[in-house]
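Novice: Sharing a structure with you now.
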C-alpha cells in the first residue's frame, strides 16, 4: 500500500533547505506543503535564470511531484519521468538542491534524470514517448522476481503522448494486464500546443466568458463527471462492481444479457462524460481528470490508483498549467517558457527569436515558399526552435506540426512528396535518429523529393549527450541517393536550400547546420549545388578539408600555421555525399591531407575522403579529426571543441603532427 500522508497542519513549516529526501515531505501537513510548493517555484525560477534550462514544464509539475513523493516510496517505488526535462522538482526533493548551482554545466548537474547522480533516477530520459515501454519491461522483471521495485509509476505528458511509441507500449500494457500506474500530465503543450485530441479541450473565449454563469445542464454535467470519477477511483465501488457482474453472469437464462446491459450502460456514460474511454478500449483503466495543483485530490487519486492497479494498468489523467506561478511563463503564448536562456527573474526572459543558422533558415524557407507553391513545412512539435513560426504566420495552410512524432513526420512527408508537394522537414539532428527506418525505406528507396533541414547538428552544449547531433552525417551519407549538405556560413545555407529545391528532383536532400552564432561571408564566398569550394590555395604541402562549422576554424588554424611557414590549402567540403571529385583530386596532389568534421569520426565523412584520396594516391597520409565514439556530457560547446582538439589550436597542432 502507498505511504499514508498526514492531513491538516500537523507539523511545523519546513524550509526547502530542510528537505533532503522524499521522506521529509511526509512529515508536512497540507498548508506547509503548499507553502513549500511556492518556495520551490521561486527556487526553480532563480536556478534557470542563472544557468538557463527548462522552466515552464517544471513550474507546472510542482504539486504533482510533491504528491508522487509523498504517496510513493522512491526509489523502492520506481518513479519514471517522460520527458526528463520536467524532473527538476524531482531532483530538488531527492537531495540535489546544491547541484542547481551548476545546472547543465560541465561536471555539473544534468538537466535530465541521470543514473550517475541518484538512485532516484532509474532512466536517463530526454527523448520523449519512451517511458511506458520502460515501465512495461520493468513490470515484467518485477513480476518475474528479478527486480525489487514495488510500484512502477510512469509520468508521461508535456506532449509525449503524441509519440507513436507511447501508443505501442500502451497497447501492450493493456493486453498484458501488468501493474503499472500511468500519470498523464496534461498541460495542453509539448514545446508548442500539443497536437492531440487526448488533451483536455481548451475553452473558447465565449466559454471563458460564461464560466462565471454556467448553465444548469453544464453544472449538472460537471458535477456528475466529477462524481463518477470519484466513484471509479473508489476501490470499494470496484470490488462491489465485480461482485455484481459475477452475480449477473451467473443468473440462469438471462445472466449474459443482464451483464451486457450493464456494460452497455457504463459505456454510454463513459462516451458522454469521459471521452478518454479510448484507454479502456485498450485494457487500461482510466480515471480523471484530476486537478494537478490540488495536493489533496492528487494524493487521494494516487493512493486509490495503487489499489486499483492490482487489476492491471491504470491511467490517472492530471490537468496542470505549464509555467504556473510565474507570470512571464503563464503569459508566454508560444511555449510558456518551456526553456529559457539566462535572464533577469524580475522581468523574465526576452521573447524567443530564432538566431544564427536557424534565423538564416527561417528567412530562406519563406523566400523559397514565395517562389514555389509546392513547398510545405513539417515539424515535430518544435515550430519555434526550428525557425518555422514566421513561415506558419505567412503560410498557415502550408505548415504542419505533427506533434512529437518524428517517424510519422518523415513518412507523412513521403506521402506529400508522392502527391506532388515539395516537403521540407525541419527537425533537430538528434531527433531524426528516431526516424532512421522511415528516411531509408519510406523516402530514399522511393527517391522522393523530401528536404531534411537538421538544426542543432554537431556539439550542442548544455543539453548533453542525448542532444548532441553527431550521427547525422555518417548515417545519412550511407543512404543510397541521399545528398548531404553542410553550410559553413549563413549565406551558404540559404544557397543550399534554394539549390535543394532542384536537387530534390532526383531524390532526398539533407542540410545540416549547428546551433549558435552563424558565420557570415560575402556574396562571392559561397558555393553552388553539390560542388566543394576552395577557400584558400596553399603551396601543396597539406590540404585541410573542413566540413560546415569546421571551415572558419580551419581558416584560423591556417593563419597560425602560416606564421610558422606552413602554407595550407583549405577546402570547404559543402557536399558530404556525394563528395566533389575535383576536391578529392586536388587533395590527392598534396603532401598530406587533414579532414575536420563536427560529426562522429568513426565511419564519418573524413574516412570516406581518405578512402577516395587513397584510391588516387595511396601514399598520401590522411588524418581524420571528428567526434569520438562516446557519449559527450553537457558543457560549453566551445570548451568541448577545445577538449576534443577541434578548435583552431587543435587543428593546427594536428597538421604539424601530420607533417
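Novice: Are there any helices (runs of 4 or more DSSP H) wholly within the stretch 30-117 with 1 or more residues that are surrounded by fewer than 20 Cβ atoms within 10 Å (Cβ to Cβ), and if so which?
Specialist: 30-51
Novice: Quick one: which of 80, 103 is in contact with a strand residue (DSSP E or B) (Cβ under 6 Å, 6 or more places away or on another chain), at negative phi and free of Cβ contacts under 8 Å to residues at least 60 places away in the same chain?
Specialist: Exactly one residue qualifies, and that residue is 103.
Novice: Would you mention how many residues in the stretch 268-286 are in a loop (DSSP other than H, G, I, E, B) and either surrounded by 16 or more Cβ atoms within 10 Å (Cβ to Cβ) or at pLDDT 85 or above (or both)?
Specialist: Number of matching residues: 5.
Novice: Sticking with this structure for a sec: So, in the stretch 325-348, how many residues would count as being free of Cβ contacts under 8 Å to residues at least 60 places away in the same chain and touching a helix residue (DSSP H, G or I) at 6+ places or on another chain (Cβ under 8 Å)?
Specialist: The number of residues fulfilling the criteria is 2.
Novice: In addition: Among the candidates 395, 400, single out the residue that is over 21 Å from residue 167 (Cβ atoms) and at pLDDT 95 or above.
Specialist: 395
Novice: Has the stretch 331-340 got at least one residue that is crowded, with 18+ Cβ neighbours inside 10 Å and modelled with pLDDT of 85 or more?
Specialist: No: zero hits.
Novice: If a residue counts only when it is closer than 15 Å to residue 315 by Cα and modelled with pLDDT of 55 or more, which helices (runs of 4 or more DSSP H) contained entirely in the stretch 143-233 have at least 2 such residues?
Specialist: Per the criteria, 164-176.
The values are calculated or read from the model by the stated rules, or taken from the named source; none is laboratory data. Note that the structure is a prediction, hence the values are computed from the model and not measured. Positions of Cβ are generated from backbone atoms using ideal geometry, with glycine treated the same way; all protein chains shown enter the neighbour counts.
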